[in-house]
1. Does M253 meet the test of being touching a Phe, Trp or Tyr at 6+ places or on another chain (Cβ under 7 Å) and either charged (D, E, K, R) or within 29 Å of A101 (Cβ to Cβ) (or both)?
2. Does the range 136-156 hold any residues that are among the small types (G, A, S) and free of Cβ contacts under 8 Å to residues at least 24 places away in the same chain, and which are they?
3. Of the residues V2, V42, which is over 22 Å from the mean Cα position of the chain (by Cα), of a type outside the set (D, E, K, R) and assigned to a loop (DSSP other than H, G, I, E, B)?
4. When residues of the range 293-311 are filtered for being closer than 22 Å to S164 by Cα and within 24 Å of the chain's Cα centre (by Cα), how many remain?
5. Among the residues in the range 248-259, are any buried (at least 24 other Cβ atoms within 10 Å of the Cβ) and within 16 Å of ligand 2 (Cβ to nearest atom)?
6. If you go through the range 17-30 one residue at a time, do you hit one that is surrounded by fewer than 16 Cβ atoms within 10 Å (Cβ to Cβ) and over 20 Å from Q226 (Cα atoms)?
7. Can you name every residue in the range 291-309 that is touching a residue at least 40 places away in the same chain (Cβ under 8 Å) and charged (D, E, K, R)?
Amino acid sequence: MVTEEEIRKALEEVKYPGFTRNIVSFGMVKKIGIEDSTVDLVLGLTTSDKTVTERIRLDVEAALRKVSGIKTVNLTIHLQNPQIPAQGPGQQAGIPGVRHAVAVASGKGGVGKSTVSVNLAIALQQSGARVGLLDCDVYGPSIPMMMGVHQKPGIAGDKLEPLSNFGIRLMSMGFLVDEDSPVIWRGPMIMKTVQQFSRNVNWGKLDYLIIDLPPGTGDTQLSLCQTLPLSGAVMVTTPQEVALIDVRKAAAMFRKVNVPILGIVENMSTFICPSDQKRYDIFGAGGGRREAERTGVPFLGEIPITMEIRQGGDQGLPVMVAAPESIPGKAFAGVAQALRRQLEGDSGSRAGPS
Ligand SMILES: Nc1ncnc2c1ncn2[C@@H]1O[C@H](COP(=O)(O)OP(=O)(O)OP(=O)(O)O)[C@@H](O)[C@H]1O
Ligand SMILES: [Mg+2]
């Protein structure tokens, strides 16, 4: 008689469409029942994309046909409610106390994701919200430095106590790893660590938890999007075509796991020369807005390229703290307001209920 082990092995050949990981590793196989030569298989998927379900059905059937001893396969696919945001395959329930978890992502590295995460978090806090910042960039955690925080978090009971600066509660991979040694994380490790991070941190009550994701659209990022219960994602891009191409990939990734895209932020959009106030479009102009219009995603705003922003990052004193009334400060405040509008569905000026 065929064994559960053999079936599981065969199912490991079935990749989630578009990704290198298989449906077993994603935790989508919910039940394997065997009676003589009949296999009852239950899968749990979260997708509104019928082609994904159909592809998996065909691939599962093909994989099980190769296993000897199986005559009949009864395949049931449970679709978890794809209307509820952030319920991707294998995803967890919401983070206790957190109203909205928002990922900040980009396909391309170095476009200013961490800079936007930090200043956006502070801008939201300045508009009256309770805000946390979770640095999930396991490859290059830079949030603690940008936030001027160098201590390690303590533990109270069985929970990690977030650190805090500028009124923002903060947790980062950077607190848990040696600053000088690069970390090589594998998918399952990331999933586990991030689960601990997000669920075992004593966040208290938060209106918004801003989550800085690592750059790219690989399995690590996909794992993160599935592990974290996200209300949505903010995409950061520069105006350049190379960055926009990667933003499209990232958008496709979020769609796959049913995470709504809350909007696009164009960073490093214009340089205003301090000496003559002339505008220079170093990386081109308007690419983020055009991409937003093309894809029907809200455009949240443009952040200029300025010395203050870069210095703020390097010195651990974000521009949103040092100079909220400056041009970049106002730009971040505008993005924060646009984001709140997306999340709250109103003017964006309301603080969340406690
Ligand atoms: N609008 C801006 N004006 C000036 N400098 C900026 C701006 N945005 C980001 N920078 C600078 O660019 C560098 C890269 O930014 P940041 O680290 O935020 O990017 P990232 O997308 O998080 O990078 P990574 O992909 O490595 O995580 C930093 O030195 C930062 O200070
Ligand atoms: Mg970063």
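1. Values: touching a Phe, Trp or Tyr at 6+ places or on another chain (Cβ under 7 Å): no; either charged (D, E, K, R) or within 29 Å of A101 (Cβ to Cβ) (or both): yes.
It is false that M253 is touching a Phe, Trp or Tyr at 6+ places or on another chain (Cβ under 7 Å) and either charged (D, E, K, R) or within 29 Å of A101 (Cβ to Cβ) (or both).
2. In the first step, residues of the range 136-156 are kept if they are among the small types (G, A, S); the result is 140, 142, 148, 154, 156.
G154, the sole residue that qualifies.
3. On the way: V42 fails: assigned to a loop (DSSP other than H, G, I, E, B).
Going through V2, V42 in turn, just one is over 22 Å from the mean Cα position of the chain (by Cα), of a type outside the set (D, E, K, R) and assigned to a loop (DSSP other than H, G, I, E, B): V2.
4. Selection size over the range 293-311: 2.
5. Yes: one or more hits.
6. No.
7. Answer for the range 291-309, where residues must be touching a residue at least 40 places away in the same chain (Cβ under 8 Å) and charged (D, E, K, R): just E291.
To keep it simple, each residue is scored yes or no on (1) out of contact with any Asp or Glu (no Cβ under 8 Å at 6 or more places or on another chain); (2) modelled with pLDDT of 95 or more; (3) surrounded by 23 or more Cβ atoms within 10 Å (Cβ to Cβ); (4) at positive phi.
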{"position": "G109", "(1), (2), (3), (4)": "yes, no, no, no"}
{"position": "G132", "(1), (2), (3), (4)": "yes, yes, yes, no"}
{"position": "P144", "(1), (2), (3), (4)": "no, no, yes, no"}
{"position": "D158", "(1), (2), (3), (4)": "yes, no, no, no"}
{"position": "N165", "(1), (2), (3), (4)": "yes, yes, no, no"}
{"position": "M171", "(1), (2), (3), (4)": "no, no, yes, no"}
{"position": "D180", "(1), (2), (3), (4)": "yes, no, no, no"}
{"position": "R186", "(1), (2), (3), (4)": "yes, no, no, no"}
{"position": "N202", "(1), (2), (3), (4)": "no, no, no, no"}
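The values are calculated or read from the model by the stated rules, or taken from the named source; none is laboratory data. Here the structure is a predicted model, which is why all the values come from computation and not from measurement. No Cβ is skipped: glycine too gets one built from the backbone with ideal geometry, and neighbour counts run over all protein chains shown.
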